[in-house]
Amino acid sequence: MTKAIRLFETGGPEVMQWVDVQVGEPGPGEVRIKHAACGLNYIDVYFRTGLYPQSLPAGLGMEGAGTVEAVGTGVTHVAVGDRVAYAGRPPGAYAQARVMPAANLVRLPDSIDFDTAAAMMLQGLTVQYLFRRTFPLKGGETILFHAAAGGVGLIACQWAKALGVTMIGTVGSEEKAALAKANGCTHVINYNTEDFVARVKEITGGKGVPVVYDSIGKDTFLQSLDCLSPLGMMVSYGSASGPVPPFGLNELASRGSLFITRPTLFSYAASRGELDAMAADLFDVVESGKVKIAVNQRYALQDVAQAHRDLEARKTTGSTILLP
């Protein structure tokens, strides 16, 4: 039997159960993939806790890499035996094998191994759309990026440097500050010992930054707005500390006619053409060596509860993978 993680209720890490599942054959537009590695991402916590609702029982996990075992009718862009990776809905990557929509899959270059692929698809594609499409960076900008030592953050540090962008990153410890610096972050702020708004203003000579990329949510939202220059863009793409509370539009007007967006990867990668172009851009910066993927934690898939505890306690850095 194939093993997988299933949710029968929402809650803490203990609700994830390691169970036998029937995988079956792929239907039209589907494939069956045997996973070599699965990615761990904060969005998995949102589904586990019920912040992002789904019908139960349900799978969990949005990212994986492995080999195509079978294809359904109508599938032409991948074939049996192909090395593939993905980041996308529906959840269910926490499994030894699964049947899933073929539309989510991209073929891997020979130079990218399964562990790297499982660690970089969701986080790397997130940085790609944030930097290339949500607020396109041309080089020369100074930006603020929260959680600079996390999986998305370390990719962002390197990609910003490659683009000629000055990145101000926030972290929660001196160890994480050193890690962000080592990956190309120009200025690092420890939000537990420093006022990040005051430091951003100091670094920018009082001007603020044209864009803030914020995955923290509730705890940093208003202060992030205070870091923006007039006509700046607030990119709120996650809620690690909880959802952003309701706020009045005057909060944007009073700070200089600010813009705000709440993007998701799944909107930006909604079409085959968009996904292929985004993946090609990501693969290019990784293969060039400009961005190196740091797989800093590995857990057996059946030990995923501990992986979630460590993630929520902010004990992890870089990317984490789960091994089926």
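Values quoted throughout were computed directly from the atomic coordinates according to the rules given, and no laboratory measurement underlies them. Source: prediction; values computed, not measured. Cβ placement follows ideal geometry from the backbone for every residue including glycine, while neighbour counts extend to all protein chains displayed.
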Exclusive hit being crowded, with 24+ Cβ neighbours inside 10 Å and either in contact (Cβ under 8 Å) with a residue 24 or more places away in the chain or aromatic (F, W, Y) (or both), set A180, A240: A180
Filter pass, A85 being free of Cβ contacts under 8 Å to residues at least 60 places away in the same chain, assigned to a strand (DSSP E or B), surrounded by 17 or more Cβ atoms within 10 Å (Cβ to Cβ) and among the aliphatic types (A, V, I, L, M): yes
Pair list, Cβ < 6 Å and 6+ apart or interchain, from segment 42-66 residues that are over 19 Å from I321 (Cβ atoms) to residues that are of a type in the set (K, R) and surrounded by fewer than 24 Cβ atoms within 10 Å (Cβ to Cβ): P57/R6
Subset tally (residues that are of a type in the set (G, A, S) and within 21 Å of D226 (Cβ to Cβ)) for segment 174-214: 4
